[in-house]
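The values are calculated or read from the model by the stated rules, or taken from the named source; none is laboratory data. Because the structure is a prediction, the values reported are computed rather than measured. Don't worry about glycine lacking a Cβ; one is built from the backbone with ideal geometry, like all the others, and counts go over all protein chains shown. Ligands, DNA and RNA are stripped out before the accessible areas are found, and what is left, the full protein with its side chains, is counted by its heavy atoms. Shrake-Rupley method; radii C 1.70, N 1.55, O 1.52, S 1.80 Å.
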Protein chains: 2
Amino acid sequence: MIDDTHDPALTSWVESANDPGTDFPLQNLPFGRFRGASNEPWRIGVAIGDCVLDLAAAGLIDSQDMAALLAQGASRRRALRRALSQGLRHGSAERSRFEAALRPLAQVELGLPCDIGDYSDFYAGIHHATAVGKLMRPDHPLLPNYKWVPIGYHGRASSIVPSGTPIRRPCGQIKPAEAPQPWLAATRRLDYELEMGIVIGPGNALGEPIPIAQAEDHIFGFVLLNDWSARDLQAWEYQPLGPFLAKSFATTISPWIVTLEALAPFRAPYERPAADPQPLPYLDSPHNRAHGALDITLEVWLRTPAMRVPQRLMRSNLRDLYWTVAQLVTHQTVNGCNLRPGDLLGTGTVSGPGEDQGGSLLELTAGGRRPLNLSNGETRTFLQDGDTVILRAYCVREGLRRIGFGECAGTILPAREV
Amino acid sequence: MIDDTHDPALTSWVESANDPGTDFPLQNLPFGRFRGASNEPWRIGVAIGDCVLDLAAAGLIDSQDMAALLAQGASRRRALRRALSQGLRHGSAERSRFEAALRPLAQVELGLPCDIGDYSDFYAGIHHATAVGKLMRPDHPLLPNYKWVPIGYHGRASSIVPSGTPIRRPCGQIKPAEAPQPWLAATRRLDYELEMGIVIGPGNALGEPIPIAQAEDHIFGFVLLNDWSARDLQAWEYQPLGPFLAKSFATTISPWIVTLEALAPFRAPYERPAADPQPLPYLDSPHNRAHGALDITLEVWLRTPAMRVPQRLMRSNLRDLYWTVAQLVTHQTVNGCNLRPGDLLGTGTVSGPGEDQGGSLLELTAGGRRPLNLSNGETRTFLQDGDTVILRAYCVREGLRRIGFGECAGTILPAREV
C-alpha cells in the first residue's frame, strides 16, 4: 500500500533528512535501538537524516520493549509510520515535542535492533547456489530439490552482533584434502556473505502454519546481514548435517530495520523462467506473483588497512533471489514451526548472474584460485586481519525518494593463539 | 566431587522420596519450573519424591529468574545442593519451613525448566550414525570426519516443548525417489530420537572458547530430549545444508534438570578403541579420560492407543556416545561461539551397539523395511496418530541410591488438513 508517507515531495524540518545522499529521508523511518552510554538500557528510536528520534520521549510509545512493538499488527505499524511522518514534516504542529526527542546519531551507540530468539538462514540466491555448487559439481551445480524447496538451515542467534562489532578470526579443525588428518588452527579462508535479514513481526503459534496470503503481515522489515564464513572449517565439518562452527562465530546485522511499509513503492513482480517448475500451491499466490519481489540494490565494499576509502567489490539486487520473502516465511512455518517477534530469517547470499556479482569471496575468486585485484594494487583471495567489510543497500526508482539501509560493517581481528 | 549429599543411607522426611522406585530421592534434587494455574508465572522448584519444593517459599532463592540461577558458578550450585539436602533430611531443623513450601506434583503444571536461547544438536551416538549411514552407504557408513569432529548442527529453540505437550503430525514437501516431483502432505514417516540434552550454566563471552578443563563448570545439568523427526521431509530437504523442517516442528524435553553434582557418583572412564584416532589435544584432558563419561541408562517406551500400559522398545546407555559432554561444550565454543545460561546441547541419538538398541524407529525397522512387532500383536514402522512415546533415564550403581530423570513424553495428534 503506497500512501502519502511515500510522497517524494515531502521534506522534513530535520534538514539532514533532505540531503539527497542520506539513507534516512522522511520516506524511510527505520526502527532500531540506541543508548547514550554503555551502562544505560537500550531505547527504541527511528533514524531520520543524521539523527535518531527517541520514540518514547516523543510520546509515541509507552515502553522500550521492542518485541511488543514488533508483535503489533500491520495496521498499528502503519498508524505509527503515519504519526512519525506527520510529526517530522515541515510545518508539523508536533515539531517542538519531536525536536526535544532528537539525538545526533554521532552521539549514540546503536545496538541490535531487537532481541533475536531464533535465526534461520536460507539459500535463496540461485546464482550463489549455482556458483558454489559448480566448485564441487561442475556438471550439475544445483541439487534436484533446489527449485522446489526453499533450502535453509538453523543458525546461531547468540553470536549475532550489530554493525561495527570487530570480528575475531575463528579457530577450528582444518583438514585439506591431501592431509592425512586434521589439526586445530585459525581459519585461512575467512569470507563474508552478502544477505538480507527478514525481521519477524507478530509470528504464529506452534502448529499453525502461516499461509502465503498472510505471510507479509508477519514481516516487520529488513536488515542487512553478513553471514561470516570460515570456508576451510566448513569444508571439513559440514557433512552430513550442514554448516555449524564455520558460521556460528559471528553474524553481523545492520542496526536499522527498514519496514515493509517503507519498501512498498519498490515492490516488483516475481517471475520464474518458463522452463523452471512453478512453486507448489502453498508457495504461490496472485499477490506474490504480482508484487512478491523487492527491488533493492545490494553492495559489498572492502577497506583493507592500506586503503583510505573503501572499494566496492560487487553489486547485486534482491530481485536476484529465486524465492520471495513471503515464500520463505510460509515455507519455514508449513510444518507448524512457530515464529516469534524478532526472529530473523536470512535470505542466503544474494549474488547476481554475472561472474563479478558474487556475494562472497568464494565466488569472486573461484574458490580462492583466482585472486581479486584491488584498485590499490593489493590482491585478496580471502579476508586478512584488519580488513573491513561493509554491506550497503538502497532502493532507487524514477520519481521516488531514495531510501537506504545504513551500513553493516565489521573488521577482522587476528585469531587468538591456540 | 562425591560428598555426603550422595550418601545412600540418607532418607527424607518427605516419605515418598524414600520409595525405592522414585526418580527423585534425596540424592537427586533436580531443578525445574512449575505453576499452580496457567495464568500464574512460573516458579523455580526442586523435585523430591512426589512433591516439588518451592525454592523461594523455602527461603533458598530471592528471584524466579532461572537464567540467573543457571549462571551461578559450580560452588554456588554445590552450596544450594547442600542446603537442600540438609533441609529435606530426616531430623532437619528446617523441616517446618520447607514443609510449608512443598506442593504435590499432581497439583502443579511443569513447564520448560528454563528459557532456551540457542539449541544445538550433536551426532555423538556412533551406533546411531553408523546405522543411519548404513542405510545410505552400506560400505562406508561413517563419513571421514566422524571420528575427528563432534558433528552437530543448529536446532530450533522456539518449538522446544515440555513433556506432555501433544505433537501435531507435521506437513511438508515429500518426494519419494520414484516420483517425478514433490507434493505437500503430512509426513508418513514420523519418528522419535532418544537423546540427552545438556543445559548450560554460566557460559562464555563471544570470542572466548571454553577449554576442556573448564567445560564441566559450564554444564548445569541434563534433561531427556526427544528430537522428533519426519524422515520423508528430511530425505528430500536435507541436502546440502542439513535437517531443517524435518526437525523444527517440535522437540520435547523432560521438565527436571538433573545436575552434574547429582550425577557425580555415576561418572565413568572415557575410552576409545585402540584402532581409532585419539581426540585432538583441545578435546583431550586427563580428567576427561578418567571421568568424562556418564553411566546413565536410557529407555524408549511406546504406548499405542490399543495398549493399557506402555511397552519398552529399547535400552541404551549414555556411555555409548563417542564424545563426552565436556568435549561437546568445548568443541561448540572453539571458534569463539558464545554459550548463554539455559542454552541446550543435544547429544544426538543414543543407540547401543545391538540391532535392538536403535534409538529411533528408523534404526529399529531398518528404514521402515522391517516392521517392529509389538507385544499386543500390533506392528509399527513409523509412528501412528495417537501413539505416545516416553523416554526414561536413570542411574544405578552398586551401593548407591538410584536416581532418575522423570519422563519425556509426547502423543501424536493427526495432521492439519493441507
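In region B:171-181, which residue that is open to solvent by less than 90 Å² (accessible area, probe 1.4 Å) and farther than 22 Å from B:W228 by Cα is farthest from the other protein chains (Cβ to nearest Cβ)?
Within region B:171-181, the match that is farthest from the other protein chains (Cβ to nearest Cβ) is B:A179.
Looking at (1) crowded, with 18+ Cβ neighbours inside 10 Å; (2) more than 23 Å from A:D343 (Cα to Cα); (3) among the charged types (D, E, K, R), which one does A:D19 not meet, given that it meets all the others?
Of (1) crowded, with 18+ Cβ neighbours inside 10 Å; (2) more than 23 Å from A:D343 (Cα to Cα); (3) among the charged types (D, E, K, R), only one is false for A:D19: (1).
Any chance region B:62-69 includes a residue that's crowded, with 21+ Cβ neighbours inside 10 Å, under 18 Å from B:L110 (Cα atoms) and in contact with a Cys (Cβ under 7 Å, 6 or more places away or on another chain)?
Yes.
Considering A:A290, A:A326, which residue is modelled with pLDDT of 95 or more and more than 18 Å from A:F122 (Cα to Cα)?
Working: A:A326 fails: more than 18 Å from A:F122 (Cα to Cα).
Testing whether each residue is modelled with pLDDT of 95 or more and more than 18 Å from A:F122 (Cα to Cα) leaves just A:A290.
Just need a number here: residues in region A:191-204 that are more than 11 Å from chain B (Cβ to nearest Cβ) and assigned to a strand (DSSP E or B). Before the answer, list the steps.
So in region A:191-204, the residues more than 11 Å from chain B (Cβ to nearest Cβ) come out as A:191-199, A:201-202.
Subset that is assigned to a strand (DSSP E or B): A:191, A:194-199.
Total satisfying the criteria: 7.
Which one of the conditions (1) within 30 Å of B:P243 (Cβ to Cβ); (2) touching a strand residue (DSSP E or B) at 6+ places or on another chain (Cβ under 9 Å) does A:G368 fail to meet, given that it meets all the rest?
All conditions are met except number (2).
Would you pick out the residues in region A:59-108 that are among the hydrophobic types (A, V, I, L, M, F, W, C) and more than 25 Å from A:I219 (Cβ to Cβ)?
A:A93, A:F98, A:A100, A:A101, A:L102, A:L105, A:A106, A:V108 - these are the residues of region A:59-108 that are among the hydrophobic types (A, V, I, L, M, F, W, C) and more than 25 Å from A:I219 (Cβ to Cβ).
Any residue at all in region A:353-364 that's closer than 15 Å to A:L302 by Cα, crowded, with 17+ Cβ neighbours inside 10 Å, acidic (D, E) and outside the structural domain of A:P8 (by TED's automatic domain parsing)?
No.
Given the criteria among the small types (G, A, S) and at positive phi, does B:G117 qualify?
Spelling it out, it is not the case that B:G117 is among the small types (G, A, S) and at positive phi.
For A:K134, which of the numbered conditions (1) at the interface with another protein chain (Cβ under 8 Å from one of its Cβ atoms); (2) out of contact with any helix residue (DSSP H, G or I) (no Cβ under 9 Å at 6 or more places or on another chain) fails to hold?
(1)
Within the bounds of region B:344-351, is there any residue that is surrounded by 24 or more Cβ atoms within 10 Å (Cβ to Cβ) and either away from chain A (no Cβ under 14 Å) or more than 21 Å from the chain's Cα centre (by Cα) (or both)? Show your work before the answer.
Pass one, region B:344-351, residues surrounded by 24 or more Cβ atoms within 10 Å (Cβ to Cβ): B:344-351.
Within this subset, residues satisfying the condition of being either away from chain A (no Cβ under 14 Å) or more than 21 Å from the chain's Cα centre (by Cα) (or both) are B:350-351.
Yes, because at least one residue in region B:344-351 is surrounded by 24 or more Cβ atoms within 10 Å (Cβ to Cβ) and either away from chain A (no Cβ under 14 Å) or more than 21 Å from the chain's Cα centre (by Cα) (or both).
Being open to solvent by less than 20 Å² (accessible area, probe 1.4 Å), in the same structural domain as A:P209 (by TED's automatic domain parsing) and under 23 Å from A:R392 (Cβ atoms), is that true of even one residue in region A:276-294?
Yes, some residue in region A:276-294 is open to solvent by less than 20 Å² (accessible area, probe 1.4 Å), in the same structural domain as A:P209 (by TED's automatic domain parsing) and under 23 Å from A:R392 (Cβ atoms).
Across region A:219-243, what is the total count of residues that are open to solvent by 30 Å² or more (accessible area, probe 1.4 Å) and either out of contact with any Phe, Trp or Tyr (no Cβ under 9 Å at 6 or more places or on another chain) or small (G, A, S) (or both)?
Our first condition is that a residue be open to solvent by 30 Å² or more (accessible area, probe 1.4 Å); within region A:219-243, this holds for A:234-235, A:238-239.
With the extra rule that they be either out of contact with any Phe, Trp or Tyr (no Cβ under 9 Å at 6 or more places or on another chain) or small (G, A, S) (or both), the set shrinks to A:235, A:239.
Result for region A:219-243: 2.
Can you go through A:A366, A:A393 and tell me which one is within 16 Å of the chain's Cα centre (by Cα) and modelled with pLDDT of 95 or more?
A:A393
Determine, yes or no, whether B:A37 is farther than 20 Å from B:A68 by Cα and open to solvent by less than 10 Å² (accessible area, probe 1.4 Å). Walk me through how you get there before you give the answer.
Values: farther than 20 Å from B:A68 by Cα: yes; open to solvent by less than 10 Å² (accessible area, probe 1.4 Å): no.
It is false that B:A37 is farther than 20 Å from B:A68 by Cα and open to solvent by less than 10 Å² (accessible area, probe 1.4 Å).
Would a scan of region B:384-404 turn up a residue that is assigned to a loop (DSSP other than H, G, I, E, B), touching an Asp or Glu at 6+ places or on another chain (Cβ under 8 Å), open to solvent by less than 10 Å² (accessible area, probe 1.4 Å) and under 28 Å from B:Q278 (Cβ atoms)?
There is no residue in region B:384-404 that is assigned to a loop (DSSP other than H, G, I, E, B), touching an Asp or Glu at 6+ places or on another chain (Cβ under 8 Å), open to solvent by less than 10 Å² (accessible area, probe 1.4 Å) and under 28 Å from B:Q278 (Cβ atoms).
Please enumerate the residues belonging to region B:63-86 that are free of Cβ contacts under 8 Å to residues at least 12 places away in the same chain and closer than 18 Å to B:F34 by Cβ. Break it down stepwise before answering.
So in region B:63-86, the residues free of Cβ contacts under 8 Å to residues at least 12 places away in the same chain come out as B:63, B:65, B:75-76, B:79, B:86.
Passing the criteria: B:S63, B:D65.
Could you grab me the full set of residues in region A:165-207 that are without any contact (Cβ under 8 Å) to a residue 40 or more places away in the chain and charged (D, E, K, R)? First the steps, then the outcome.
Looking only at region A:165-207, we keep the residues that are without any contact (Cβ under 8 Å) to a residue 40 or more places away in the chain, and these are A:177-181, A:183.
Once the filter is applied, which keeps residues that are without any contact (Cβ under 8 Å) to a residue 40 or more places away in the chain and charged (D, E, K, R), region A:165-207 yields only A:E178.
Yes/no matrix, rows are residues, columns are (1) within 14 Å of chain B (Cβ to nearest Cβ); (2) modelled with pLDDT of 95 or more; (3) under 17 Å from A:A17 (Cα atoms):
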position: A:G59; (1), (2), (3): no, yes, no
position: A:Q64; (1), (2), (3): no, yes, no
position: A:A68; (1), (2), (3): no, yes, no
position: A:R81; (1), (2), (3): no, yes, yes
position: A:L88; (1), (2), (3): no, yes, yes
position: A:A101; (1), (2), (3): no, yes, yes
position: A:A106; (1), (2), (3): no, yes, yes
position: A:D115; (1), (2), (3): yes, yes, no
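Would region B:215-226 turn up any residue that is farther than 28 Å from A:C171 by Cα, among the hydrophobic types (A, V, I, L, M, F, W, C) and touching a Lys or Arg at 6+ places or on another chain (Cβ under 9 Å)?
yes
With respect to B:Q214, is the statement that it is open to solvent by 20 Å² or more (accessible area, probe 1.4 Å) and either outside the structural domain of B:A250 (by TED's automatic domain parsing) or of a type in the set (S, T, N, Q) (or both) true? Can you show your working first?
Details: open to solvent by 20 Å² or more (accessible area, probe 1.4 Å): yes; either outside the structural domain of B:A250 (by TED's automatic domain parsing) or of a type in the set (S, T, N, Q) (or both): yes.
In short, yes.
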